Amino acid sequence: MTSFFIQSFGCRVNQAEAFTWAEDFQKNGLKFERDISQSDLVFVNTCTVTSRADRDVRNFLRRVPRLNPHTRIVVAGCFVERARKELQKYPQIWKVVPNHEKGTMTAKILTELGKSKRVSSHLFRSRAFIKIQDGCDFNCTFCIVPSVRGKSRSVPREKILNKVKNAASRGYKEVALTGVHLCLYGRDLPPERGLVSLLEEIELIEGLEKIRLGSLDPRFLTPELIGHLLASPKICPHFHFSLQHGSDPIIHRMGRKIDVDRYRKILAEFRQGWPDAALGADIIVGFPGEKDHDFKATFDFVEKSPLDYLHVFSYSPRPGTPAADWSGVKSEIKKQRAVNLHKLSARKWLDFRSRFIGEICPAVVIAKSGLTARVLTSNYIDVTVSQSQGDVRDTVEVEIKAVAGKKTYGSFLS
């Protein structure tokens, strides 16, 4: 029996693709293996959005032969699009899959390997990740995504609904919907029906309890969409926004047609509409032209905003993008700015979690080990529980007991 291991880098779109691969391969008789040293095949879904992402991919590809000298590697994704020739130096790579072939990859490999009798499957994730959109039609000056993922494409509605129904029938209580531009879902499909319409249909699926959304672009958050997200009983109170910066001159230099005042209004609307929701954002530091006052504007904006955490990215030039040719910020300055934002994020996230001490929160079990479990609350708090209850992917209620540093502790309600 052929066994496989999957390593996914980068965004939730990649995670959703990896989830689909794991489901398809197991359905056709391959064995999912959590130990890379025991796997016949290693699938690597790559990212190239930053130089650090490139480095992580390279380090992993160099490490695989030491962990398993006999395995064959299949490399897919965005790094393939940008640096395909570089992959020739890794002798264990069996196949290289560009983004436009990801959708047919499992079928082609299964044809080559031959299907086997289905065996009992193992969970790849505790929640079902489902891609509903891919690609981008815009040209932010820092971003390589349009050139490696292509134009915006919405997954047909029936295909999404079938995937969600299948996940719910297999016991998944929570699905995470992913896409490069979730807010633009459906604009390219005839007849045009957007994300709200899709969510309304998904919410009716029997057995599904929670829907978590990937990153939301504030430029395309309509009043209708915001209203639905804040009113739906099945949408998780966890919203992540692709803000990128808190200084108007830098936002405009990035090629993003929005301003900080609009950010403030959107965040205030979400906080007022759902006080217990976790609000997060992507922020880039060290973008070309970022002066001290630009960074201070970003820091002050975040500090005063209702944001609860940040994903901080130090700008790195991506070949082929306009900003790659612009004069950059010194690396030591960039590093210190990133450190300052990381500290601010850690403080705000500690404050957010501390608000819920003594509160009872709905959650999903994401991992178990002996008498210890990890659960993820609907509002994105990762809680360690000392006495295990329920199975992975079950929904539970947990009382938050204590917060210490990066850790949150709680107990199950019987």
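Numerical summary
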| read-out | value |
| --- | --- |
| Filter result (outside any loop (DSSP other than H, G, I, E, B), within 23 Å of the chain's Cα centre (by Cα) and touching a residue at least 40 places away in the same chain (Cβ under 8 Å)) within the stretch 315-344 | Ala338, Leu341, Leu344 |
| Residues of the stretch 356-405 classified as outside any strand (DSSP E or B), modelled with pLDDT of 95 or more and surrounded by fewer than 15 Cβ atoms within 10 Å (Cβ to Cβ), total | 3 |
| Looking only at the stretch 122-135, and only at residues there that are at pLDDT below 95 and open to solvent by less than 20 Å² (accessible area, probe 1.4 Å), the one that is farthest from Pro98 (Cα to Cα) | Ser126 |
| Number of positions in the stretch 247-264 that are of a type in the set (D, E, K, R) and open to solvent by 70 Å² or more (accessible area, probe 1.4 Å) | 5 |
| Which numbered condition Leu182 fails, given (1) in contact (Cβ under 8 Å) with a residue 60 or more places away in the chain; (2) open to solvent by less than 50 Å² (accessible area, probe 1.4 Å) | (1) |
| Index of the failed condition, Gly207 passing every other in (1) over 27 Å from Pro146 (Cβ atoms); (2) in a helix (DSSP H, G or I); (3) not hydrophobic (A, V, I, L, M, F, W, C) | (2) |
| The stretch 219-242, subset outside any helix (DSSP H, G or I) and of a type in the set (Val, Ile, Thr), residue most open to solvent (accessible area, probe 1.4 Å) | Thr222 |
| Output for the stretch 37-66, where each listed residue is open to solvent by 20 Å² or more (accessible area, probe 1.4 Å) and assigned to a helix (DSSP H, G or I) | Ser37, Gln38, Ser51, Arg52, Arg55, Asp56, Arg58, Asn59, Arg62, Arg63, Pro65, Arg66 |
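Residue-by-condition table, conditions (1) within 19 Å of Phe79 (Cβ to Cβ); (2) among the aliphatic types (A, V, I, L, M); (3) at pLDDT 95 or above:
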position: Gln7; (1), (2), (3): yes, no, yes
position: Val13; (1), (2), (3): yes, yes, yes
position: Glu17; (1), (2), (3): yes, no, yes
position: Trp21; (1), (2), (3): yes, no, yes
position: Asp24; (1), (2), (3): no, no, no
position: Asn28; (1), (2), (3): no, no, no
position: Ser39; (1), (2), (3): no, no, yes
position: Val42; (1), (2), (3): yes, yes, yes
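The values are calculated or read from the model by the stated rules, or taken from the named source; none is laboratory data. These numbers come from a predicted model, not from an experiment. Because the Cβ atoms are built from the backbone with ideal geometry, glycine has one as well, and the counts that use them run over all protein chains shown. Accessible surface areas use protein heavy atoms only, side chains included; no ligands, DNA or RNA. Shrake-Rupley method; radii C 1.70, N 1.55, O 1.52, S 1.80 Å.
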